[in-house]
Each structure stands twice: as C-alpha cells, then as structure tokens.
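> Mind having a look at this structure? Questions to follow.
The values are calculated or read from the model by the stated rules, or taken from the named source; none is laboratory data. Here the structure is a predicted model, which is why all the values come from computation and not from measurement. Neighbour counts run over all protein chains shown; Cβ positions are idealised from the backbone, glycine included.
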Amino acid sequence: MTLGEALCSAAHALAAVSGEDAHFETKLLLQHILAVSTAQLYSEPERVLTSEKVEAFRQLIRRRLRREPVSYILGSCEFYGNEFCVDSRAFIPRPETELLVEKAVEFSCNYLDDATPPSRRPILIADVGTGTGAIAISLALALPQVKIYATDISASAIEVAKLNCERHNVSNQVILLQGNLLEPLPEPVDLIVANLPYIEDSELAKLSPEISNFEPLLALAGGGDGLDKMRQLLGQASGKIYPDGCIFLEVGQGQAEALTPLVSSYFPEASVKLASDLSEISRLAKITLPASS
C-alpha cells in the first residue's frame, strides 16, 4: 500500500464518524505513524509503506472508528501554542478555553505593571480543576515571574499534569495539589482561574460517544443546572483570595446570565463582566472582588 492509498482509504472509512474532519484526522494519524511532516506526507504519495506501518495505521483507524478521540489516540494535543500529553485520565483541553488563559495573562500583566517594587509581593495564581495542567502551564510559560498552584480532586489527573510540568520545565513554578477545588491552597492568591465541569445532568446523555465513552465524567458533570462546581468554588473562595483579587470562570452556553446573581449571593460587592469566544458565545466570567471584601 502506498502512502497516498492509505490516506485516501482511511479518510473514506473515517467519514462516517468524523464527517468533514475525516481527512484532517487521517492526516494526523498517518503522520503520527510515519513521523513525517505535512509536506512529506503530500509530496511522497507513491511511497510504499511497510506491512508493519500499514498494520499500525489500521489499528489507529480502528480506534477512531470506535469513537476514541484523536487526541487520546495520539497521546497529545495543542493548546495555546504548546503541546501537552493527554490520555483518558484527564479532560482534553478545548480551544475555547484559550480565552481564559488570554484574559488571565492580560490581568496578570496589568497587575505586575501596577505593582510597586520591591515592596509588592509576587502575584499568586490558582488554577482550579487543572486536569492536564494545560492552563497552569500555559500561564507559567507566558508569565515566568508568577507562582501558580494547580489543584485537582483526581489523583490520576494530577499524574498527567505532573508529566506536562516536567515536559515544559515548569515544575518549580507550578505547584500541583490534590484536593477539592480551593481546599488544598496553602495561602490566599490574587487570581483564580477555573474551567470546571459545567455540563447539566440532563445533557450528559446527549454528549457524543467521543466524550461520554472516553473522557472522565468527573470533568464533565456540573449538576442539575451545570453550576454546582462553580457554586462550591465561590463558597470556598472567602479567605482563599486576596481583597481586590479576581476570579475567571469558564461557563457553558446560556449559563453566564445565571452566574451573575449566583456571584452576588456570595460576593454582593463584586463586579461581573462577561467575555465571548470566537463563536460569540458568552464563555468567560470575570469576577472582580472589592478591596474591602
């Protein structure tokens, strides 16, 4: 079998489960097996594949046909311009979550610009429900002067985050803590960022097999209204964040409106601003606490 034939036949087979993404996914899987660039993939269509490579490629295609996510098959995914190890122990980082990182970097840079050295202490950030560690590590790489606590209730997810911290050489900057939301924090922080589970219980059965059959339920289920974990986090926040601190929460479609009164019930003086993703969906809530809180 030639490279071109493998690409064509596999894309045709994956069309049933991947639709318009079939060719792109096939390309990724074939590149993974052959360890070649995109340019090589398309410039050598007559290259004959060994029987071992053909069988290895077919095994990956069979896994995808069983609806396993491509990121789990490859063992990695890209987030905020960096590659992260991923497997079924942790939720796959989504592109829309890059908005959270972007806004957190913006907040931190403004904070550092406003600081009065040397009396101002370094900024402290908590990434709650860190999963693969993608958010915390992206922040660490963008903000080498900050210290980041990354928490997760799942010991398995913490293992994945540890691998990624080591991969990106930020183990001294990102402190991994196992525990429920803010409970493990040893000190208050200036900024809390969290992409918590926000799928409503009634929606779980409607998720695609790629999500429901492979990704950890613990990272998905947000309770009856999808806000249970956010409610818990806000309830724990007092004493875990400094006055005039900020909380960034990613929310699901249609949840932003319900979050504002929820925040007010815990922090009546806090301000809430919403930010939309590229699809114009309100995806991020910025909660700014007053200096007197």
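> I'd like to check something: does region 35-46 contain any residue that is crowded, with 16+ Cβ neighbours inside 10 Å and modelled with pLDDT under 95?
Yes, region 35-46 contains at least one residue that is crowded, with 16+ Cβ neighbours inside 10 Å and modelled with pLDDT under 95.
> Quick check on region 1-34: of everything there that is charged (D, E, K, R) and in contact with a Leu (Cβ under 7 Å, 6 or more places away or on another chain), which residue is surrounded by the most Cβ atoms within 10 Å (Cβ to Cβ)?
Selected residue: 25.
> Same structure, new question: Might you check whether a residue that is assigned to a helix (DSSP H, G or I) and either crowded, with 16+ Cβ neighbours inside 10 Å or at pLDDT 95 or above (or both) occurs anywhere in region 193-203?
No, the conditions are met nowhere in region 193-203.
> Going by the structure shown, is residue 274 hydrophobic (A, V, I, L, M, F, W, C), at pLDDT 95 or above and assigned by TED's automatic domain parsing to the domain that holds residue 151?
No, not satisfied.
> So residue 226 ticks every box in (1) within 20 Å of residue 91 (Cα to Cα); (2) of a type outside the set (A, V, I, L, M, F, W, C); (3) part of a strand (DSSP E or B) but one. Which box is left unticked?
(3)
> Would you mind stating whether residue 244 is of a type in the set (D, E, K, R), in the same structural domain as residue 104 (by TED's automatic domain parsing) and in a loop (DSSP other than H, G, I, E, B)?
Answer is no for this residue.
> Could I ask something else about it? Counting only residues that are over 21 Å from the mean Cα position of the chain (by Cα) and at pLDDT 95 or above, which one in region 212-236 is surrounded by the fewest Cβ atoms within 10 Å (Cβ to Cβ)?
235
> Of all residues in region 17-48, which are touching a residue at least 40 places away in the same chain (Cβ under 8 Å) and either part of a loop (DSSP other than H, G, I, E, B) or under 23 Å from residue 72 (Cα atoms) (or both)?
Within region 17-48, 17, 18, 25, 28, 29, 32, 44, 45, 46, 47 meet the criteria.
> Still on this structure, please answer the following. Scanning for something outside any helix (DSSP H, G or I), closer than 24 Å to residue 253 by Cβ, over 14 Å from the mean Cα position of the chain (by Cα) and without any contact (Cβ under 8 Å) to a residue 60 or more places away in the chain, does region 170-188 turn up at least one residue?
yes
> Of the residues that sit in region 59-76 and are surrounded by 15 or more Cβ atoms within 10 Å (Cβ to Cβ) and either free of Cβ contacts under 8 Å to residues at least 24 places away in the same chain or aliphatic (A, V, I, L, M) (or both), which one is farthest from residue 135 (Cα to Cα)?
Checking each candidate, the answer is 61.
> Next question. Take residue 249 and decide whether it is free of Cβ contacts under 8 Å to residues at least 60 places away in the same chain and not in a helix (DSSP H, G or I).
When the stated conditions are applied, residue 249 passes them.
> Has region 274-293 got at least one residue that is basic (Lys, Arg), closer than 16 Å to residue 128 by Cβ and part of a loop (DSSP other than H, G, I, E, B)?
The answer is no, given that none of the residues of region 274-293 is basic (Lys, Arg), closer than 16 Å to residue 128 by Cβ and part of a loop (DSSP other than H, G, I, E, B).
> Same structure, new question: With region 56-162 as the region, which helices (runs of 4 or more DSSP H) entirely inside it contain at least 2 residues that are assigned by TED's automatic domain parsing to the domain that holds residue 188, more than 26 Å from residue 279 (Cβ to Cβ) and out of contact with any strand residue (DSSP E or B) (no Cβ under 8 Å at 6 or more places or on another chain)?
Here the list reads 98-114.
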